[in-house]
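Notes follow the structure.
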Protein chains: 2
Amino acid sequence: METRIIKGNIISAPEFGKLEITEKGYLIAVDGKIKGTFQKLPDEFSDCTIEDYGDALVMQSFADMHLHAPQYPMLGMGMDMPLLDWLNTYTFPTESCFKDNKFVRKAYHRLAYELAAKGTTRVCMFSSIHREATLILMEELENAGITGYVGKVNMDRNGGKDYQETTEESISETVKWLEACNFEHIKPMITPRFTPACTDELMQELGRIAKEKDLPIQSHLSENTGELALVKELHPDCVQYWETYAKYGLWNDKTLMAHCVWSDARERKAIKDAGVWAVHCASSNENLVSGYAPVRVMLNEGLNVVLGSDIAGGDHLSMFKNITAAIRASKARRIMDDWKTDFLTVEEAFYLGTSAAAPFFGEKPGFTPGNSLHAIVVEDETLPMVRPLSVHERFERCVYRREHGAILAVYSEGRKIFGK
Amino acid sequence: METRIIKGNIISAPEFGKLEITEKGYLIAVDGKIKGTFQKLPDEFSDCTIEDYGDALVMQSFADMHLHAPQYPMLGMGMDMPLLDWLNTYTFPTESCFKDNKFVRKAYHRLAYELAAKGTTRVCMFSSIHREATLILMEELENAGITGYVGKVNMDRNGGKDYQETTEESISETVKWLEACNFEHIKPMITPRFTPACTDELMQELGRIAKEKDLPIQSHLSENTGELALVKELHPDCVQYWETYAKYGLWNDKTLMAHCVWSDARERKAIKDAGVWAVHCASSNENLVSGYAPVRVMLNEGLNVVLGSDIAGGDHLSMFKNITAAIRASKARRIMDDWKTDFLTVEEAFYLGTSAAAPFFGEKPGFTPGNSLHAIVVEDETLPMVRPLSVHERFERCVYRREHGAILAVYSEGRKIFGK
């Protein structure tokens, strides 16, 4: 039995919009599973070593539920282009370079390290179309202590001549990739890029594989109006975009759909009824001028909403930055909705970037006993103060601003994966 | 004659939307004034020492044309409140602490250092109502090498009991402050906080002083709909907000007006006709859900538009971040305008944060010969690359993303104020 006792100001989001704060408290995990948060150290642990972070903030680590690993080299570039142009000019040419395994290893080693250092301990991630690169990505994430899912991308049309598979290749490489997956904390996920990039035949086969092997699924939905028009043209039989996934068995309660910017009441009902997860990618939607997802409405309607950095449509891996991007986007949405929808508070957006994803991984929100330990320790900014700040105020400032090196330690499934 | 030769990839914005790039070039200044940008070192300088930054980017430094120095301690706090509540809950109580000169010195010393380190070499800044604190602020900025204007704030109503002057105090303290100002690079600016905080009598006297001493003026205009309603109530004789400044002589071509979010065609015409400067504060407008200023329309109509961080409505001093905030806000505005107005490109927004302010200080856009040298040197991110990037692409990435410590050196009025 390995016991871990973390002392500090413990902050978690057990419910949407609520924070639980235990000042100078103890967060205890045994064999990687949370035992509880305590104001006073329980007697049974009095002989154990304490990791004492003094006055620092101990909070839940992040889940980045949508990002593209092979777009890491193009972070912060091509931000003046609309989605479909941006894909052809920057994205596909960059992703196509992930056939060079030496480069792949270097790029993914650094990506995995940066995720850990920034406090992202759970991911659902797109790789490229390359089987070997995908396995290298999974290995690097596993080694860095990150947990979650990775998908080899499938695309057999509209990728251009240099970055596309035949339908047969796409299927056979996927089967080979699935057979080779053997990691403890990083599991495979079926990943049709999006409807415009996958033929009906490929979609059908991917649905069959997902069902047969009981695998989760990730793709893109209703990001951009140009994309909607293209999907309509490709699937005249489908009333809405989501039906192009549903008709091939790619639409269930283990399905993540990134964006949902243009999902109207009917599409949102379909998302809710199937238990599909909407991944809100605020920074990407801003950069690519895709629009502002109706996040507040989705939450009110009871949809599952989580957050994604969507690098490299998003320009930063830090989930702190993606949380404030979600707040900003909700404020833009409030203005667009003539001040009728509420924006996301800091506490609400923090919940979306942390607790909201827990059920996808079979766990509960917050630092609930029984959950595996996923946590970060953060130091305050050293700005001059006119009065002592409450832990709640320090939490808010920490979400908006941190100094370089402010993240002191990161824990993932009970293991310390970053820090001294 | 002091000659300064900076070698690197020289990048400037001589025109709105245009970049001038001289790869591996020389930026030369003599006695603090720019001589020119050269691809090859002119013979006359062949004996001079070269500051060689290798492959780094050498670009114009920033002008932050609207920020509140005494709000520095509350950066990133209270972001869930609308303007008028936020002022009463956070802002006024924080500003009122700037009567303690020991704290003032400490806070402003750090603020001045941080501005220099982040490459902001020109400012137009609000202080608090305190005369002594304002002089300390000016001294700290002067010592840090920052240039520009600072104003002691005037407010004789609606500040609450702990943070307000009588009309007489406000005037007499302003006169005493102006007499005490004696700094080479930091000059005084008349600063009525905004119409709701200044009686007619105070406004009239400030207009008189500004005219008599030929001083520039800064205030706030049409930031928030609640504020508009309040101004309308206070000045039933004025059709629009701007007239409450114009009728007291506070409306001319040396006047900066922050925000202008809700300035309609008539108000924009008044701004243009008087040569008033509109200071766009995108991050603050987002955070406080004020709205999205019609920046593209203002630019098309020929108004002077510059940028401000507006800390602490804005949550970051870095003008790189405020430039990307302006791009994002313009994208939000594009969506709100049903895709009819263009967003700001990276080059355009960079121009607004650098060159656009030059005429306010009597200079020309870009690294024009005759301008004083205001420049920064920036290193690239070390992300893995799939191909060599052009200097133009590196510039774009640098605007969106930089690593900690990426700013290697900062020059202000010819002096090196930051770096080894």
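Hey, does the range A:78-87 have a residue that's out of contact with any helix residue (DSSP H, G or I) (no Cβ under 6 Å at 6 or more places or on another chain) and surrounded by 24 or more Cβ atoms within 10 Å (Cβ to Cβ)? So far as the range A:78-87 goes, yes, one or more of its residues are out of contact with any helix residue (DSSP H, G or I) (no Cβ under 6 Å at 6 or more places or on another chain) and surrounded by 24 or more Cβ atoms within 10 Å (Cβ to Cβ).
Checked against the criterion of being in contact with an Asp or Glu (Cβ under 8 Å, 6 or more places away or on another chain), more than 23 Å from B:Cys281 (Cα to Cα) and assigned to a loop (DSSP other than H, G, I, E, B), the candidates B:Thr382, B:Thr368 yield just one match: B:Thr382. Of the candidates A:Ala69, A:Ala117, A:Ala144, A:Ala133, the single residue that is outside the structural domain of A:Lys24 (by TED's automatic domain parsing), hydrophobic (A, V, I, L, M, F, W, C) and within 30 Å of A:Pro388 (Cβ to Cβ) is A:Ala117.
Of the residues screened, B:Pro93 is not one that is closer than 23 Å to B:His185 by Cβ, under 25 Å from the mean Cα position of the chain (by Cα) and either part of a helix (DSSP H, G or I) or within 14 Å of chain A (Cβ to nearest Cβ) (or both). One residue alone among B:Ala409, B:Ala358 is open to solvent by less than 10 Å² (accessible area, probe 1.4 Å), in a helix (DSSP H, G or I) and either in contact with a strand residue (DSSP E or B) (Cβ under 9 Å, 6 or more places away or on another chain) or within 14 Å of another protein chain (Cβ to nearest Cβ) (or both), and that residue is B:Ala358. Scanning the range A:23-38 for residues that are of a type in the set (Ser, Thr, Tyr) and either closer than 15 Å to A:Gly370 by Cα or surrounded by fewer than 19 Cβ atoms within 10 Å (Cβ to Cβ) (or both) gives a single hit, A:Thr37.
Restricted to the range B:366-387, and to residues there that are open to solvent by less than 30 Å² (accessible area, probe 1.4 Å) and within 16 Å of B:Lys7 (Cα to Cα), the residue that is farthest from the other protein chains (Cβ to nearest Cβ) is B:Leu373. Any residue in the range B:388-399 that is buried (at least 16 other Cβ atoms within 10 Å of the Cβ), assigned to a loop (DSSP other than H, G, I, E, B) and either free of Cβ contacts under 8 Å to residues at least 12 places away in the same chain or in the same structural domain as B:His185 (by TED's automatic domain parsing) (or both)? For the range B:388-399, residues buried (at least 16 other Cβ atoms within 10 Å of the Cβ), assigned to a loop (DSSP other than H, G, I, E, B) and either free of Cβ contacts under 8 Å to residues at least 12 places away in the same chain or in the same structural domain as B:His185 (by TED's automatic domain parsing) (or both): present. Name the helices (runs of 4 or more DSSP H) wholly inside the range B:212-321 in which the number of residues that are in contact with a Pro (Cβ under 7 Å, 6 or more places away or on another chain) and open to solvent by 10 Å² or more (accessible area, probe 1.4 Å) is 1 or more. Those helices (runs of 4 or more DSSP H) span B:225-234. Taken over the range A:334-348, the criterion of being in contact with a Leu (Cβ under 8 Å, 6 or more places away or on another chain) and open to solvent by less than 10 Å² (accessible area, probe 1.4 Å) is satisfied by A:Leu344 alone. Within the range B:23-38, being in a strand (DSSP E or B) and of a type outside the set (D, E, K, R) holds for B:Gly25, B:Tyr26, B:Leu27, B:Ile28, B:Ala29, B:Val30, B:Ile34, B:Gly36, B:Thr37, B:Phe38. Entry remark, the range B:96-146: residues being under 18 Å from B:Thr191 (Cβ atoms) and open to solvent by 40 Å² or more (accessible area, probe 1.4 Å) number 4 in total. Exactly one residue out of B:Glu184, B:Glu165 is under 20 Å from the mean Cα position of the chain (by Cα) and either open to solvent by 50 Å² or more (accessible area, probe 1.4 Å) or among the charged types (D, E, K, R) (or both), and it is B:Glu184. Evaluated against (1) part of a helix (DSSP H, G or I); (2) closer than 28 Å to B:Asn224 by Cβ, A:Trp339 falls short on exactly one condition, (1). Scanning the range B:39-84 for residues that are closer than 15 Å to B:Leu373 by Cα and in a strand (DSSP E or B) yields a total of 6. Restricting attention to the range B:240-276, which residues are under 20 Å from B:Ile327 (Cβ atoms) and away from chain A (no Cβ under 14 Å)? Correct list: B:Ala258, B:His259, B:Cys260.
Total residues in the range B:141-164 satisfying the condition of being in a loop (DSSP other than H, G, I, E, B) and farther than 29 Å from B:Asp85 by Cβ: the figure is 2.
The set of residues from the range A:195-246 being without any contact (Cβ under 8 Å) to a residue 40 or more places away in the chain and basic (Lys, Arg) comprises A:Lys211, A:Lys213, A:Lys232.
Applying the criterion of being basic (Lys, Arg) and closer than 17 Å to B:Glu23 by Cβ to the residues of the range B:388-403, the residue that is nearest to the other protein chains (Cβ to nearest Cβ) is B:Arg397. Using the structure shown, decide if B:Arg328 is surrounded by fewer than 24 Cβ atoms within 10 Å (Cβ to Cβ) and not in a strand (DSSP E or B). Spelling it out, it is not the case that B:Arg328 is surrounded by fewer than 24 Cβ atoms within 10 Å (Cβ to Cβ) and not in a strand (DSSP E or B).
Condition check ((1) within 14 Å of chain A (Cβ to nearest Cβ); (2) touching a residue at least 60 places away in the same chain (Cβ under 8 Å)) across all residues:
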| site | (1), (2) |
| --- | --- |
| B:Met77 | yes, yes |
| B:Met81 | yes, yes |
| B:Thr89 | yes, no |
| B:Asn101 | yes, no |
| B:Glu114 | yes, yes |
| B:Lys118 | yes, yes |
| B:Arg122 | no, yes |
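The values are calculated or read from the model by the stated rules, or taken from the named source; none is laboratory data. Small disclaimer: the values here were computed from a predicted structure and weren't measured. Cβ: placed from backbone, ideal geometry, glycine included. Neighbour counts: every protein chain shown. Protein only, heavy atoms only, side chains kept; ligands, DNA and RNA dropped before computing areas. Shrake-Rupley method; radii C 1.70, N 1.55, O 1.52, S 1.80 Å.
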